[in-house]
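**Student:** What follows is a single structure, and I will ask about it in a moment.
What follows is calculated from the coordinates using simple rules that are stated; it is not laboratory data. What you are looking at is a predicted structure, and each value in this text was computed from that prediction instead of being measured. All Cβ positions, even for glycine, are placed from backbone atoms using ideal geometry, and neighbour counts span all protein chains on display.
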Amino acid sequence: MFTKYHQSLYCNTSVKWAICFFCLIAFNASGNSPELTLAEYAKRSLGNVRLLRHAFAPEMDANGQPDKFKIDDCSTQRNLDSIGVEQATLIGKRFIANGIKFGIIYSSQWCRCLETAQLLDLGEVTREVALNSGFRKLFKLEKSLARLRIMLDSLKDEEKLVLMVTHSGVISAITGVNVKSGGAVAYNIKTKISKIISIE
């Protein structure tokens, strides 16, 4: 039997759920959503590190044959196609349009990351092995990540904005966020908080 007690309990529960729902809406509206536009990021940057996945690069590294892969030979790697080139160039222009300047720019040694970093045209690019991806038995992602965590710790008090062009596996391992090609994540080294930055 649905008594007055049950009715009261149901109403109280419904009210609680409604309050929680509206609190979540208010929480997101207050700027705590997991994603920021580039304009929002420019006004209130989150931390001093920005991780950017390389632009669109189709196909497979060394056609899936590890013995043919060479870190210094772009012909053995996935490279940006015309879409990727246009994407990387546009990302750089949008950074500039929003007044975002990077004091330090690092890139994975892999060709698609270096080309992305160079096409951004935002400053001098430094190759960094700690940003390299893992690839079969040739490269161990765990080694790159161990080195990158040490590197990040050394940058926690860096006042300049740091850009790191790298790979999806590296970004997700550090931030817990998955991004598509050309996707970016703002990362606060001290708090470990990360947010996707919408560039499009």
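**Student:** Among 198, 181, 75, 107, which comes first, then next, by fewest other beta-carbon atoms within 10 Å? Show your work: numbers first, answer last.
**Tutor:** Values: 198 14, 181 18, 75 9, 107 25.
Fewest-to-most ranking of 198, 181, 75, 107: 75, 198, 181, 107.
**Student:** Compute the length gained on full extension between residue 118 and residue 74: take 0.36 nm times their separation in residues and subtract their Cα-Cα distance, giving the result in nm to one decimal.
**Tutor:** Details: separation 44, 0.36 × 44 = 15.84 nm, distance 1.47 nm.
Extending this stretch completely gives an extra 14.4 nm.
**Student:** What is the order of 151, 164, fewest Cβ neighbours within 10 Å to most?
**Tutor:** Working: 151 17, 164 29.
The fewest-first ordering by Cβ neighbours comes to 151, 164.
**Student:** In nm, give the distance between the simple-model label positions of residue 82 and residue 156, each being 7 Å from the Cα along the Cα-to-Cβ direction.
**Tutor:** Those two pseudo-labels are separated by 4.8 nm.
**Student:** Ok, one more. Excluding residue 163 itself, calculate the net charge of residues whose Cβ lies under 14 Å from the Cβ of residue 163, where each Lys or Arg counts +1 and each Asp or Glu counts -1.
**Tutor:** Working: positive: 50, 53, 94, 101, 127, 160; negative: 121, 124, 128, 158.
Neighbourhood net charge equals +2.
**Student:** How much net charge surrounds residue 102 when only other residues with a Cβ under 9 Å from its Cβ are counted (Lys, Arg +1; Asp, Glu -1)?
**Tutor:** Working: positive: 50, 101, 160; negative: none.
Net charge in that neighbourhood comes out at +3.
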